[in-house]
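The values are calculated or read from the model by the stated rules, or taken from the named source; none is laboratory data. Just so it is clear, the model here is predicted, and its values are computed rather than measured. Note that each Cβ is placed from the backbone with ideal geometry, even for glycine, and that neighbours are counted across all protein chains shown. Calculation scope for accessible area: heavy atoms of the full protein, side chains included, ligands and nucleic acids excluded. Shrake-Rupley method; radii C 1.70, N 1.55, O 1.52, S 1.80 Å.
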Amino acid sequence: MLDTLRQDVRYALRLWARRPAFAFVAILTLAIGIGANTAMFSIVNAVLLRPLPYAHADRLVSIWGRTASFPRGLLSYKEYEEIRSQSRTLDTIGVYLGQSVNLTGVNEPQRLVGIFASGSFFDVLGLKAERGRLYTEEESAPGTVKPVVVLSHQLWRQRFNEDPAAIGSTMTVNGVPVTVIGIMAPPFDVDSVPAAGYFIGGDLFLPAAQFPAPNGLNGAGPVMLGVARIKAGVDSATATAELDVIGKRLLAANPNAQAGRTIQSEFAQEGIVGSSRPALVLLLASVGVVLLIACINVSNLLLARAIDRQKEIALRAALGASRTTVLRQLTIEASLMAVTATAAGLVAGYWALQGLSWLQPPSVPIPAHVPLDSTVLLFTAGTAVAVAMLCGVVPAIRASRPDISRVLQAGSRRASGDGHRTRDVLMVAEIAMSVALVALSALLVQSLLAMQHVPLGFDPSNVFTLQFRLPQTRYSKPEEIAGFFKSAVERVRAVPGVQSAALVRAVPFSGNGGTTGYVVEGRRALDPASMPQARFHLVTPDYFVTMRIPLMSGRDFTDRDDLRAPLVAVINETFARREWPGEDAIGKHFTTPNAPAPVTIVGIVGDTKHYTATEPAMPQLYVSHYQVPLIFCSLVARTSVPPEQLTNDIRRAIWAVDKDQPVWSIRSLEAQVESTQGSSRFLALLLGIFAVVALLLAGVGIFGVTSYGVAQRTHEIGIRLALGASGERVLREVVGRGVRLTFVAVTIGLIAAVGMARLAKAVLFGVEPADPVAFTIAAVVLVTVSGAACYIPARRAARVDPVVALSQE
């Protein structure tokens, strides 16, 4: 058997040596398809299939505080304590929250990412200290006196150059001296774990008790995220049922604080990757279509070659070779081609991954380093077997049963009808798949264009933004916070090139933001969880001018709207229409949990988008930052020059007010808006690349099939031309046949495209799955490509010299 196998392999290699162009084209075609599939599956494997990098990752669940307005809300520390003491389905539970912290007492104030967490948080995720120790649950509980901190390995390397003497040293974080007690073992760093609002990486870890809640953790509302490890053999539904019981006990004990709240759990893996699943599955399916098209092309090449070798195969059969022997030989040739293409595809897949990481915007949830691990290699090996079967089976079966007497009698001339039906079916299949892929790509491009033309409600051009957080230990009183804000804005407005400047708690499209419940004056008060919600903004005077948000009626805030003045608010048009339809909202009143007294509406502005261009309009209310001063804030400044040119001047203006105040997220508002469309742009780009590759492969396939068909019919065409047929008639006949097949394929492809588009509806915006424009574009493109691919060999057929054609007999 080994000798026979070696002979078949050597024979296949000799055939490649005789026809190197054929072998090169076939292997290259398959390598492109296999490489693209390897790269795409590597990403899907890394994001969707691989477990999270924590101990017992399959048992990790996120714990949410759920209300009608917030299905995935935070937990209060009281809820955490009750769950921890009462639960019998959880091994352990912890709470945490990522927040910017200020590192001062150094040459230049620095912003770091801090994780405020309970001591049990480390136990839940199975995290260990590389040096020193981690803090305990007792050290993280409210009332802890001694501030401690655990550094990430990354910060230890960057700031302390991995010096063991860092243990026991002191750092000033948020104005508080803290003692370094440990170094976290990798990989829990800022860039090494998924940042999806769950287990975000951090520079340093601080006890939950140090979280800057104004009234302390026990006096605060929901402020932290929950994570737990369920016991072995317990499912999420059982854990959620128990949490529901605990929630009802909390409601009975404290109906005012717990009204409308429930507690639920969700497997952490699903929570992190669930939102990215539709796009990744769509990309994997699309790249699979590209591989199928590549396989069809190679199948057509092998089929044409097998028909060319009919005389050889017939002679071998006449000399006693069995059909099994012929099948084995042809299958080994296809398998050898698939193995070679797979090796090349792995290299191409590695390169493709590097290219994807270069093209990938920050908003796309793909890990920075995607490995070609054993799962990927197993997938690629399976792909190689599938490719060998798809490419080799049809040609091998077709060629292994020749009509020996007819083939040997035909001499050097090939029967004109050999295999044409099979080739036509394969050509229709690849055109249909190309149509579906091009149509889907056109839909995504239209969706992206629709996003870019959605009115945002403000003008993002030439707007400089940055963020900062004041240390609560230094700015503990509202007057001190408001005083810093006013001085900082005045300094920034004095910078040459700044036209106007203001502060806002959360810059649009920055990812920050929040909502608040409200009750309109004269209506029945509801519990906090059942109140209607409005997006809540804290702004300083000139914010609407700086952002160019139109003031529809009333007035803007002024410096007189401060801590001594009655509370006032500006609302958007949606708020006014919803609560006072047909009335003037100016002078109306409402209350909100964020304000201690009724708030008077003094102005109405236009609606704006805050997180994405695709979000629906919702009520928004703006309150003067000077009346409700909070320590977190952002700066917006409209400039007469490119914003990045003023970075150093604006930083110095803020440091002139407080030299220890770090600033971060320095970028233009235009860049922030564009970054929110990164996922859609990346998806459209990849699908566009796949569609172009599919078009090229389809064009090459159509050209190859048509050229081979013309070559088979050279003798017939020569006779027809000799008997008086015109070249134009031959041209029309060859092109017409190809176009008829194309129209059949386009019809099938458009039907398939409707199904694919419905599955992709979750990633579309502003365009219907059966959009006629996208489908028309796909049909026209494929008909054009097919027509061009048919015309070249048809033109060659029309110019056949009858004397040369007949002399081949």
TODO: Sequence neighbours fewer than 8 away in the same chain don't count; with that in mind, list the aspartates and glutamates whose C-alpha is under 19 Å from K477.
DONE: D559, D561, D562, D658, D660
- [ ] On the full set of protein chains, 1.4 Å probe, figure out the accessible area of R59 and give it in Å² to the nearest 10.
- [x] 50 Å²
Task: Calculated FRET value between Q7 and V385, using beta carbons and R₀ = 22 Å, to 0.05 - done: 0.45
Task: Whole-percent carbon and sulfur share, accessible surface of segment 642-766, 1.4 Å - done: 62 percent
Task: For the chain, size of Cβ-based charge dipole, Lys and Arg +1, Asp and Glu -1, in debye - done: 2680 debye
Open item on the list: Apply the Karplus curve 6.51 cos²θ - 1.76 cosθ + 1.60, θ = phi - 60°, to the phi angles in segment 441-451 and return the couplings in whole Hz, x for Gly and Pro.
Closed with: 4, 5, 4, 5, 5, 4, 4, 5, 5, 5, 4
Task: Label-point separation, L378 to H589 (7 Å along Cα→Cβ), nm - done: 6.9 nm
Open item on the list: Quick check for you: which residues of segment 37-75 have the amide N under 13 Å from the point 7 Å beyond the Cα of E615 toward its beta carbon?
Closed with: none
- [ ] Can you figure out the FRET efficiency of R249 with I751, using R₀ = 56 Å and their beta-carbon distance, to the nearest 0.05?
- [x] 0.50
Task: Solvent-accessible area per residue for the chain (1.4 angstrom probe, square angstrom) - done: 44 Å²
Task: Cβ-based charge dipole, segment 1-146, positive-most Cα from V101, F22, I34 - done: F22
Open item on the list: Please compute the length gained on full extension between R578 and N218, using 0.36 nm multiplied by the number of residues separating them and subtracting their Cα-Cα distance.
Closed with: 126.0 nm
Task: Phi to ³J(HN,Hα) by Karplus 6.51 cos²θ - 1.76 cosθ + 1.60 over segment 605-618, Hz, x for Gly, Pro - done: 10, x, 5, 9, 8, 10, 9, 9, 6, 9, 6, x, 5, 9
- [ ] Can you tell me the 0 to 90 degree angle between the C-alpha axis of helix 478-493 and the longest principal axis of the chain, rounded to 10?
- [x] 60 degrees
Open item on the list: Rounded to the nearest 20 debye, what is the charge dipole size of segment 671-794 about its Cα centre when +1 sits on each Lys and Arg Cβ and -1 on each Asp and Glu Cβ?
Closed with: 280 debye
Open item on the list: Rounded to the nearest 20 debye, what is the charge dipole size of segment 8-60 about its Cα centre when +1 sits on each Lys and Arg Cβ and -1 on each Asp and Glu Cβ?
Closed with: 280 debye
Task: Restricting segment 644-737 to chymotrypsin sites (Phe, Trp or Tyr not before Pro) in coil, as DSSP defines it, with at most 14 other Cβ within 10 Å - done: none
- [ ] Would you work out if segment 552-688 is rounded, prolate or oblate? Take a ≥ b ≥ c from the square roots of the eigenvalues of the alpha-carbon gyration tensor; rounded if a/c is under 1.5, else prolate when a/b is larger than b/c, oblate otherwise.
- [x] oblate
- [ ] Can you list which of the trypsin sites (Lys or Arg not before Pro) found in segment 645-675 are DSSP loop residues with at most 14 other C-beta atoms within 10 Å?
- [x] K659
Task: 222 nm mean residue ellipticity, helices alone, for the chain (DSSP H n ≥ 4; -39,500 (n - 2.57); rounded to 500) - done: -16000 deg cm²/dmol
Task: Unit charges at the beta carbon, dipole of the chain: most positive-side option, P532, P207, F765 - done: F765
Task: Under 16 Å from the Cα of K248 - lysines, other chains or at least 8 residues apart - done: K78
- [ ] Leaving ligands, DNA and RNA out of it, rank W64, W16, W351 by accessible area with a 1.4 Å probe, largest first.
- [x] W351, W16, W64
- [ ] Quick one: order T383, T747, T136 from most to least accessible surface, probe 1.4 Å.
- [x] T747, T136, T383
TODO: With a 1.4 Å probe and every protein chain kept in, tell me what percent of the accessible surface of segment 511-614 is carbon plus sulfur.
DONE: 52 percent
- [ ] Find, among the trypsin sites (Lys or Arg not before Pro) in segment 742-804, those assigned to loop by DSSP (not H, G, I, E, B) with at most 12 other beta-carbon atoms within 10 angstrom.
- [x] R799
Task: Partners for K231 among aspartates and glutamates (Cα-Cα distance below 19 Å; same-chain residues under 8 apart left out) - done: D58, E81, E82, D91, D123, E242, D244, E266, E270
Task: Share, in percent, of DSSP beta bridges within the chain that are antiparallel, nearest 5 - done: 80 percent
TODO: Any chance you could run the full-extension gain for A671 through L284? It's 0.36 nm times the residue separation minus the Cα-Cα distance, nm to one decimal.
DONE: 136.4 nm
TODO: Quick one: what are the phi-derived ³J(HN,Hα) couplings along segment 249-257, Karplus 6.51/-1.76/1.60 with θ = phi - 60°, whole Hz, x for glycine and proline?
DONE: 5, 4, 4, 5, 7, 9, x, 5, 6
Task: R0 of 41 Å, Cβ-Cβ distance A494-L449: FRET efficiency to nearest 0.05 - done: 0.50
Task: Neighbour net charge for A501 - beta-carbon separation under 13 angstrom, K R +1, D E -1 - done: +1
- [ ] Only one of the values (1) 30.2; (2) 31.4; (3) 28.0 was calculated from this structure for Kirkwood radius over Cα pairs in Å; name its label.
- [x] (2)
Task: Nearest-ten-degree value, helix 374-399 long axis tilted from longest Cα axis of the chain - done: 20 degrees
TODO: Whenever you get a sec, compute what percent of the accessible area on segment 467-510 sits on carbon and sulfur atoms (1.4 Å probe).
DONE: 45 percent
Open item on the list: If DNA, RNA and ligands are ignored and the probe is 1.4 Å, what is the ranking of I293, I32 by accessible area, most exposed first?
Closed with: I32, I293
- [ ] Kindly report, to the nearest 10 Å², the accessible surface of V387 as traced by a 1.4 Å probe over protein heavy atoms only.
- [x] 0 Å²
Open item on the list: Just want the answer: with Cβ charges of +1 for Lys and Arg and -1 for Asp and Glu, which residue in I666, A694, S726 is farthest toward the dipole's positive end in segment 644-761?
Closed with: S726
